[in-house]
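To start, the structure itself, in structure tokens.
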Amino acid sequence: MLIAVAGASGRLGHHLVDVLQERGHGVVPISRTHGIDLTTAVGLEQALTGVDAIIDAATWPTPDRDAATSFFTTASRNLHDAGQAAGVRRMLVVSIVGVDRLKGDYQTAKVAHERAALAGPVPTRIVRATQFHEFVGQLLDWGTQGETAYLPDMRTQLVAARNVAETLVDVATAPEFSQQDGPALEVAGPRPENLVDMATLLAARRGRPAKVEIGSHPADPDVEANASGALLPGPGAILVGPTFEDWLETAEV
Ligand SMILES: NC(=O)c1ccc[n+]([C@@H]2O[C@H](COP(=O)([O-])OP(=O)(O)OC[C@H]3O[C@@H](n4cnc5c(N)ncnc54)[C@H](OP(=O)(O)O)[C@@H]3O)[C@@H](O)[C@H]2O)c1
């Protein structure tokens, strides 16, 4: 198959490109790095010529609610319009497990993303993933003040981005594909963890910062939801890949 990956230069997107190529599929990478901006859509229809499926793993880089919502809804409409004109037959959109149980700005924008994606003409399914192993380092960087990192009290079933990519490719290339008519598919790692415990392992591996503590932003509307397991998957989730601890043994961090 020929598959377009929106967000091909990203944390998840580059694994999608690798997995597709390793399995013998053709790939059309889409990102500003690859010369296509999803908000202007210049060149998008031409890039999608001959494409069988789109996997949308593009995202706005900041948690600003209005900017992120505008990005997701515009990019989604452009992918649908150009995809329909080019004859694309299926689309997978990456989202976040539990996102509709949260009230934060980025999470609200992702819910708008899901709605826009399901409203478009190309048959679409949402695949919700838990937080990536690779995301813990970014959270550690964002939360570090001097010798201490402050991270939210969060229950999360961390998953390796590579294994999420493999699951997405399985679904995108399956013989059967139909427009979603029920809950989103969920993909998660093998077991629930406390984010602070995993970030502490990562900090020890990096040699910095010296301490990792619970410390939520005072304006975070999801403090209770994060701590009580709102981000954990349901019983039907596909569980894949290594635990964070096992992944950390060989990961470049
Ligand atoms: N990170 C996590 O732990 C996690 C967990 C669950 C679900 N997700 C979801 O997974 C998806 C991918 O996340 P990620 O962490 O891989 O994101 P990421 O590393 O920030 O990658 C974002 C991608 O979007 C592209 N992009 C941004 N603006 C663009 C534009 N205007 N036009 C075209 N491409 C654009 C970026 O490429 P350029 O900058 O080159 O344009 C990049 O390839 C997101 O939908 C996210 O919500 C993430």
Scope region 150-167; condition touching a Lys or Arg at 6+ places or on another chain (Cβ under 7 Å) and farther than 26 Å from His25 by Cβ; matching residues: Gln157
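Could you check region 104-125 and list, in sequence order, the residues that are among the β-branched types (Val, Ile, Thr) and either part of a strand (DSSP E or B) or under 16 Å from the mean Cα position of the chain (by Cα) (or both)? Break it down into steps so the answer makes sense when it comes.
Our first condition is that a residue be among the β-branched types (Val, Ile, Thr); within region 104-125, this holds for 108, 111, 122, 124.
Listed by number, the residues that qualify are Thr108, Val111, Thr124.
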Selection status of Ile36, crowded, with 20+ Cβ neighbours inside 10 Å, touching a Gly at 6+ places or on another chain (Cβ under 8 Å), among the aliphatic types (A, V, I, L, M) and closer than 21 Å to Ile126 by Cα: no
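Does Val42 fit the bill of being within 20 Å of the chain's Cα centre (by Cα) and over 18 Å from Pro61 (Cβ atoms)? Please lay out each step first, then the result.
On the way: within 20 Å of the chain's Cα centre (by Cα): no; over 18 Å from Pro61 (Cβ atoms): yes.
For Val42, the condition - within 20 Å of the chain's Cα centre (by Cα) and over 18 Å from Pro61 (Cβ atoms) - is not met.
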Single condition Glu134 does not satisfy, out of (1) more than 10 Å from the ligand (Cβ to nearest atom); (2) touching a Lys or Arg at 6+ places or on another chain (Cβ under 7 Å); (3) among the acidic types (Asp, Glu): (1)
In region 101-129, residue nearest to Leu158 (Cα to Cα) [restricted to those that are of a type in the set (Lys, Arg) and surrounded by 19 or more Cβ atoms within 10 Å (Cβ to Cβ)]: Arg128
Residue among Arg90, Arg128, Arg101 that alone is within 12 Å of the ligand (Cβ to nearest atom) and either of a type outside the set (S, T, N, Q) or over 12 Å from the mean Cα position of the chain (by Cα) (or both): Arg128
Residues of region 66-89 that turn out to be surrounded by 15 or more Cβ atoms within 10 Å (Cβ to Cβ) and touching a helix residue (DSSP H, G or I) at 6+ places or on another chain (Cβ under 7 Å), as a count: 9
Residue within region 205-227 that is within 22 Å of Val164 (Cα to Cα) and in contact (Cβ under 8 Å) with a residue 24 or more places away in the chain present: yes
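Listed residues Ile238, Ile214; which is modelled with pLDDT of 95 or more and farther than 26 Å from Gly7 by Cα? Before you say what the answer is, go through the steps one by one.
Numbers: Ile238 fails: farther than 26 Å from Gly7 by Cα.
Selected residue: Ile214, the only one of Ile238, Ile214 that is modelled with pLDDT of 95 or more and farther than 26 Å from Gly7 by Cα.
The values are calculated or read from the model by the stated rules, or taken from the named source; none is laboratory data. Just so we're clear, the structure is a prediction, and the values are computed from it rather than from any experiment. Counting neighbours? That spans all protein chains shown, and the Cβs are built from the backbone with ideal geometry, glycine included.
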